[in-house]
């Protein structure tokens, strides 16, 4: 928690995820002059908790009048503050209808952005649509594919300012859960072994069906040959990312590719893509999230005029 | 726990796994006349606990003299009673050197069977070697492949009474951990949907690299289309078993195939194999485990003569 402000915000931007909430005080010039980060995510809140939690986070920035608050992320899910639904693709990333939860404090005017859905294959995103909007506001001519690594990695085909199609891979969640809850938990380390990562990527790129056997080999290799924990962890990461790169080939092959994600994880995806001859641009999650909330707010104001 | 005996055993057979221990009182005719099952597996015991635990389980069957106890399974692992090592393949399934833990009770004479190891690709088994020995003692001419479904499913190539090679898949553990610890935990049910299982098998048999995306689609399908929890669980099982059947093809293609495992899980593997035109015989785990311990005990006695 680190709110640094004593000035009144023109409006407030909020990225409200499953585990955390981040808030930015936006000035009349459209830039943030203060921000905060809190461990009050959707997973820890009931619908009745959101208004007080929001006030705890942003009250120093409120004036006597009404302040607009633009929220993206899991606060708009069925388990969140109020369900903000999904806009079906193809669609502009943040063009869909906003949800407006009722508040008791008259100083608050809250908007929550909807997610995006795809009918076939069935898929959803919530939060990433705002990052995509931000990326497109910075790169308005971009036509190609955006990869958003994380717990649930998204591959998104973007054309003419719209999301055309997307696909979610639970690679990050598989990495965490296999390392924590299977027999491999005895073999995991904290460090990084690039050669082991690269070999893992190669192995599942060529024979993805062998995944469940290769996972056990990591354990057996440790038992019989004393392979290091760092090599085991890096190999696990490589095996899972390699399979994803193979599966996402129709997305990235011959396309402009951009990666939006945490720095370390993004570098692993970039490395695996490079091994297949694909070069990817990188963008900061923070920058594009703020830019996306700003774009959504501007659209709201333009429509109101 | 259900020990049913008042007679003295000729010798005692024990299958001592990670979570459970099963014991059989063997008569002079080589058949068991009583048995018990206990939730005192390797995971719950320190090395110093084994002798008292064993006495709790089998004391009613002990006479005044010395009784031989033949143990297979995780009691022989590094985290068990005493490490029984691994015999490198190719090898007879139970021909390797036995470990003999020291006991304070003079009525006990304990032997623990070693596992099997493979140098490349690195792999190990412990417990299954006894089931293989039992299967071969019942089917001495068998030449082909044995599939042992479970937490860690083994595919084993057997020829001329020896284990030639094998490969472990952590499919069962992936099923449990994905259903319990990822976003799919919100979608899991108890029932069975055969069509959803079959479609899952087909999908990963043809495109195994899509696993991480298809897992998220199960969740999205539930959110957008209200797919049933039973269908979601059966599809998850089908996706994972389908990938394993694809990977194990060099094992089962054109071979005699036998399946040793729990009844329900074995039927899923048999169904997936049948979809590929491969017919598999089935054998009961209980029968082959007892037969394997009996074969190991007979070998010990013959060598002692």
Would you please classify the overall shape of chain A from the alpha carbon gyration tensor, given that a ≥ b ≥ c denote the square roots of the eigenvalues, rounded means a/c under 1.5, and beyond that prolate means a/b larger than b/c while oblate covers the rest?
prolate
0 to 90° range, to nearest 10: angle between helix B:229-247 axis and chain B longest Cα axis:
70
To make sure I understand, if each residue's beta carbon is the centre and we count other beta carbons within 10 Å, what order do B:129, B:209 fall in, fewest to most?
B:209, B:129
Per-copy distances of the residue A:195 label point, shortest first, in nm (7 angstrom along Cα→Cβ)
5.3
Highest-MSF residue in chain B out of B:22, B:126, B:78 [GNM, Cα springs under 10 Å]
B:78
Bridge type composition, chain A - antiparallel percent by DSSP, nearest 5:
60
Please report the relative contact order for chain B, taking Cα pairs under 8 Å with a sequence separation of at least 6, and give it as a percent rounded to a whole number.
15
Could you tell me how many degrees, from 0 to 90 and to the nearest 10, lie between the Cα long axis of helix A:171-181 and the main elongation axis, the longest principal axis, of the Cα atoms of chain A?
70
Cα gyration tensor shape for segment A:1-115, rounded if a/c is under 1.5, else prolate or oblate:
prolate
When the label point is put 7 Å from the Cα of residue B:120 along its Cα-to-beta-carbon vector, which residues of segment A:187-229 have a backbone N closer than 15 Å?
A:221, A:225
Quick one: if the Förster radius is 60 Å, what FRET efficiency do residue B:159 and residue A:66 give, using the C-beta to C-beta distance and rounding to 0.05?
0.15
Tilt, helix A:263-274 to longest principal axis of chain A (alpha-carbon atoms), in degrees rounded to tens, equals 50
Exercise: per-residue mean of other protein chain Cβ atoms within 10 Å, B:201-212:
6
Inside 10 Å of the C-beta atoms of A:180-187, what's the mean count of C-beta atoms belonging to other chains?
4
Taking a ≥ b ≥ c as the square roots of the eigenvalues of the Cα gyration tensor, with a/c under 1.5 meaning rounded and otherwise prolate when a/b exceeds b/c and oblate if not, segment A:127-305 is prolate
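As a footprinting exposure proxy, order A:214, A:107 by other Cβ within 10 Å, with the fewest listed first.
If I rank by nearby Cβ atoms, fewest first, I get A:107, A:214.
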Need one number: % antiparallel among DSSP beta bridges in the protein assembly as shown, to the nearest 5.
60
Which residue fluctuates the most in chain B, going by a Gaussian network model with Cα springs under 10 Å, if the choices are B:243, B:102, B:280?
B:102
When chain B is modelled as a GNM with alpha-carbon springs shorter than 10 Å, which of B:90, B:101, B:122 fluctuates the most?
B:122
Given the rule -39500 (n - 2.57) for each run of at least 4 DSSP H residues, summed and divided by the residues of chain A, what is its mean residue ellipticity at 222 nm, to the nearest 500 deg cm²/dmol?
-12000 deg cm²/dmol
I want to check the label-to-label distance for residue B:267 and residue A:138. Put each point 7 Å from Cα in the C-beta direction and report it in nm to one decimal.
5.6
Quick calc: nm separation of the 7 Å Cα→Cβ label points for residue A:185 and residue A:79 -> 2.1
Which whole-number percentage describes the relative contact order of segment A:127-305, with Cα contacts under 8 Å and a sequence gap of 6 or more?
30
Residue B:7 paired with residue A:202, simple spin-label distance in nm, labels 7 Å along Cα-to-beta-carbon
6.2
Distances from residue B:95 to the same residue in each other copy, label points 7 Å out along Cα→Cβ, in nm, shortest first?
7.3
Considering only the label points, 7 Å along Cα→Cβ from Cα, what distances in nm to one decimal separate residue A:64 from the same position in each other copy, shortest first?
10.4
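Looking at segment A:1-115, send over the antiparallel percent of its DSSP beta bridges, to the nearest 5.
That works out to approximately 50 percent antiparallel.
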Averaged over its residues, how many other protein chain Cβ atoms are within 10 Å of peptide A:163-169's Cβ atoms?
3
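Taken together, the values in this text are just the output of simple stated rules run on the coordinates, not laboratory data. Values in this document were obtained by computation on a predicted structure and should not be read as measured data. Ideal geometry is used to build each Cβ from the backbone, glycine not excepted, and the neighbour counts take in all protein chains shown.
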